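*Asks:* Dumping the structure here so I can ask a few things about it.
The values are calculated or read from the model by the stated rules, or taken from the named source; none is laboratory data. All of these numbers come straight from a predicted model, not from anything done at the bench. Counting neighbours? That spans all protein chains shown, and the Cβs are built from the backbone with ideal geometry, glycine included. When the accessible area is computed, the model is the full protein with side chains, heavy atoms only, and any ligands, DNA or RNA have been set aside. Shrake-Rupley method; radii C 1.70, N 1.55, O 1.52, S 1.80 Å.
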Amino acid sequence: MAPKLHSSGSKGRSRVSLFVVIGLCCFFYLLGVWQRSGFGKGDGFAIEMNKQQANCNVLPSLDFESHHNYVATIESSEPKSKVFKPCDVRYTDYTPCQEQDRAMTFPRENMIYRERHCPPEEEKLRCLIPAPNGYTSPFPWPKSRDYVYYSNVPFKSLTVEKAVQNWVQYQGNVFKFPGGGTMFPQGADAYIDELAQVIPIADGSVRTALDTGCGVASWGAYMLKRNVLTMSFAPRDNHEAQVQFALERGVPAVIGVLGSIKLPYPSRAFDIAQCSRCLIPWTDNAGMYLMEVDRVLRPGGYWVLSGPPINWKTYYRTWKRSKEDLKGEQSRIEELAESLCWEKKYEKGDVAIWRKKVNAKSCKRKSANYCQSSDTDDVCVLFMLRYKKMDTCITPFPDVKSANEVAGGQLKKFPARLFDVPPRIRNGDVPGVTPESYEEDNKLWKKHVNAYKRINRLLGTTRYRNIMDMNAGLGGFAAALESSKLWVMNVVPTIAPNTLGVIYERGLIGIYHDWCEGFSTYPRTYDLVHANGLFNLYRDKCQFEDILLELDRILRPEGTVILRDGVEVLNKVMKIAGGMRWETKMMDHEDGPLVPEKILVAVKQYWVGAANATSTDQ
């Protein structure tokens, strides 16, 4: 009987336990309902915290608008960073590697004195380049194409020297750019219309262009109307500010020259190259300059020459040269073009057009001195470190299997080519990059750019026209931002993987550069500068201070900086930036605070130089 009595007691206790559990469940359920109804203060606090976390990327204290008025420095109770003083006002247009005084100490042959000659470490300026008194934010695009504030580029010499050529006019407090040029006095539009009779500019086949000796870059400015991105360059010469005018207009340009060193672009980069009275001696040095243009010209690309010696019968007296001299020069150009596998397609009036063959099978050279390098891009990447000399040799076409195949790979028409897998990746020419990883990179940068637009809602508007990516990778940042309202200078550091060829195949533009040196541009030429992993890349190469001072030099007053890097590196950057008249904010990665990669956002304050402001901090 005992076992039965024991069993009955156990059942009783089980029923009691069951009722207790059910009661507790009901209690907590009702408690939860009470809290969610709004009467529970603890849950309300949690909901508010979640709202704050969801909005953590909103930066009410950073003003991205352009006001161009002085902003006083706000004192902080935290330990002060090193304060960088303003440079003397004579450095308002300082270009470290193209300074006139230093340039004049170098030989004039082959334009060596107009090339890059950077200051040694002990001569670097370590102060902030001032804006000129009265500096004003440029006109928004497209008005900026035609008008520039005089106070931003206060140089009138071009209005006198090029008065009859319709380059630029001075009107009140602005310069007006009618769109003319030495060889197209009727305007760049009319000139481009003539080119379009031969070159398929309108259908997206031509996307990237090179303008050698660009002047104020009116050709590039009007090519933008045809959805063509032009890399324009001109030397810093006695026409004080050609490239500065171009950038103030919102047109891509750099200070540069065809001299003794290679151009900082990859092989097979441009769909079209042009010289409009650029005064480059194409037949000198056994045709070395024409061979360099051939190197950067894509198979099937076009070369346009307007100016000497074309139409020499009409202009030989104006050019103060003999008929025999000019006729001989044109004959040598024709011979060089044939040796490069260029076919003449057009010559009428002042314009001649050649087209490069699509591969070596489609042309028959009598003889050719081929460059020995197996990868001309690698040679070009190293040039900024070694200042690689230009060669008098012909860059060979990539191999093809058939006579109709485009050497290096066929490109889709723009804009399809922007996200199509580039031939260099399809062919396995970029180590470590596959079509799959390329697609993933594009997805990642779309995500990153969407996060940037949540931080700064002006990104993608006319507020930012000239944009630079200091460590461009595969060009994903620029591709995700692609818009007619802006353009991006994609910089591939010389110590980074060589991806610039991929960037050009996408229909974007860029340049090789070593950030331990000054960039080939004037001060105040970019509205927004972006860098991904740049400071980690240069951690042991040169001083962060020097890179940041150069970034400040090229950034416009009230311009914006977006830096993406590891938290340790960005903390060092933020400390230096604290002494540079920047307003900064550190942001979490868009995936949350546990990701070690962070985003540093900064706005450069507006300030101008004063006549009595000097600095010895060099």
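*Asks:* Stick to the Cα atoms of the range 162-236, pair each with every other, and give me the Kirkwood hydrodynamic radius in Å at one decimal.
*Replies:* Numbers: mean 1/r = 0.0769 Å⁻¹.
With all distinct Cα pairs of the range 162-236 included, I get 13.0 Å.
*Asks:* Over the alpha-carbon set of the range 105-262, work out the extent along each principal axis and list the three values in angstrom, largest first.
*Replies:* Per principal axis, max minus min of the Cα coordinates gives 54, 40, 28 Å.
*Asks:* Right, next: Any chance you could look up the accessible area of Glu335 with a 1.4 Å probe, heavy atoms only, rounded to 10 Å²?
*Replies:* 120
*Asks:* At what distance in nm do the modelled label points of Lys575 and Ile495 sit from each other, each positioned 7 Å from its Cα along Cα→Cβ?
*Replies:* 2.0
*Asks:* Once you sort the root eigenvalues of the Cα gyration tensor of the range 198-316 as a ≥ b ≥ c, which label holds: rounded (a/c under 1.5), prolate (a/b larger than b/c) or oblate (the other case)? Spell out each step's value before the answer.
*Replies:* Working: a/c = 1.26, a/b = 1.07, b/c = 1.18.
In terms of gyration-tensor shape, rounded.
*Asks:* Another question, if that's okay. Can you pull the one-decimal nm distance between simple spin-label points at Lys485 and Ser151, each 7 Å off the Cα toward Cβ?
*Replies:* Output for this residue pair reads 2.6 nm.
*Asks:* Moving on to the next point. Can you give the convex hull volume per residue for the Cα atoms of the range 435-481, as a whole number of Å³?
*Replies:* Considering the Cα atoms of the range 435-481, their hull volume per residue is 66 Å³.
*Asks:* Report the convex hull volume per residue for the range 511-550, counting only C-alpha atoms, in Å³.
*Replies:* 83
*Asks:* Something else now. At 7 Å along Cα-to-Cβ for each site, give me the label-to-label distance between Ser61 and Glu121 in nm.
*Replies:* 3.6
*Asks:* Sorted from largest down, what three extents in whole angstroms do the Cα atoms of the range 479-618 have along their principal axes?
*Replies:* 50, 36, 32
*Asks:* For the range 89-122 and the range 447-513, write down the distance between their C-alpha centroids in whole Å.
*Replies:* Measuring centre to centre over Cα atoms gives 29 Å.
*Asks:* Using the Cα atoms of the range 522-572, I'd like the radius of gyration and the largest Cα-Cα distance, Dmax, both in angstrom.
*Replies:* 11.2, 31
*Asks:* Continuing with this model, one more query. Quote the FRET efficiency, to the nearest 0.05, computed for Glu436 versus Asp189 with a Förster distance R0 of 41 Å and r equal to the Cβ-Cβ distance.
*Replies:* 0.40
*Asks:* Here is a further query. Sorting check: for 590-596, 515-521, which peptide has the highest mean count of neighbouring beta carbons within 10 Å, and how do the rest follow?
*Replies:* The densest-packed peptide leads the list: 515-521, 590-596.
*Asks:* Let me ask another. Rg and Dmax of the range 102-196, using alpha carbons, in Å: what are they?
*Replies:* That works out to 18.1, 52 Å for Rg and Dmax.
*Asks:* Go through Arg506, Arg102, Arg426 and list them by solvent-accessible area, largest first, probe radius 1.4 Å.
*Replies:* In descending accessible area the options line up as Arg426, Arg102, Arg506.
*Asks:* Given a Förster distance of 51 angstrom, what is the FRET efficiency for Glu568 paired with Lys327, based on the Cβ-Cβ distance and rounded to 0.05?
*Replies:* 0.15
*Asks:* Once the mean 1/r over all distinct Cα pairs of the range 560-605 is inverted, what Kirkwood radius in angstroms do you read off? Mind dumping the intermediate values first?
*Replies:* Details: mean 1/r = 0.0943 Å⁻¹.
Across the range 560-605, the inverse of the average 1/r is 10.6 Å.
*Asks:* Roughly how many Å² of Thr105 are accessible to a 1.4 Å probe, to the nearest 10?
*Replies:* 110
*Asks:* To continue, here is another question. If the chain between Ser402 and Lys176 were fully stretched, how many nm would it gain, using 0.36 nm times the residue separation less the Cα-Cα distance?
*Replies:* 76.2 nm
*Asks:* Can you list the trypsin sites (Lys or Arg not before Pro) in the range 507-582 that are in a DSSP coil and have 15 or fewer other beta carbons within 10 angstrom? List each step's numbers first, then the result.
*Replies:* On the way: sites: Arg524, Arg539, Lys541, Arg553, Arg564, Lys572, Lys575, Arg581; in loops: Arg524, Arg539, Lys541, Arg581.
In loop regions of the range 507-582 (DSSP not H, G, I, E or B), the sparsely surrounded trypsin sites (Lys or Arg not before Pro) are Arg539, Lys541.
*Asks:* For the range 91-141, with equal point scatterers placed on the C-alpha atoms only and solvent neglected, what are the log10 I(q)/I(0) values from the Debye formula at q = 0.25 1/Å, to two decimals?
*Replies:* The Debye formula, applied to the Cα set alone, gives -0.96.
*Asks:* Across the range 235-278, what fraction of all alpha-carbon pairs, as a whole percent, falls in each successive 5 Å bin from zero upward?
*Replies:* Cα pair-distance distribution for the range 235-278, in percent: 5, 16, 20, 31, 20, 7, 1.
*Asks:* Can you spot the lysines whose alpha carbon is less than 16 Å from Lys388's alpha carbon? Ignore those fewer than 8 places along the same chain.
*Replies:* Lys262
*Asks:* Over its Cα atoms, what ratio of radius of gyration to 2.2 N^0.38 Å does the range 407-541 give?
*Replies:* Scaled against compact globular proteins, the figure is 1.04.
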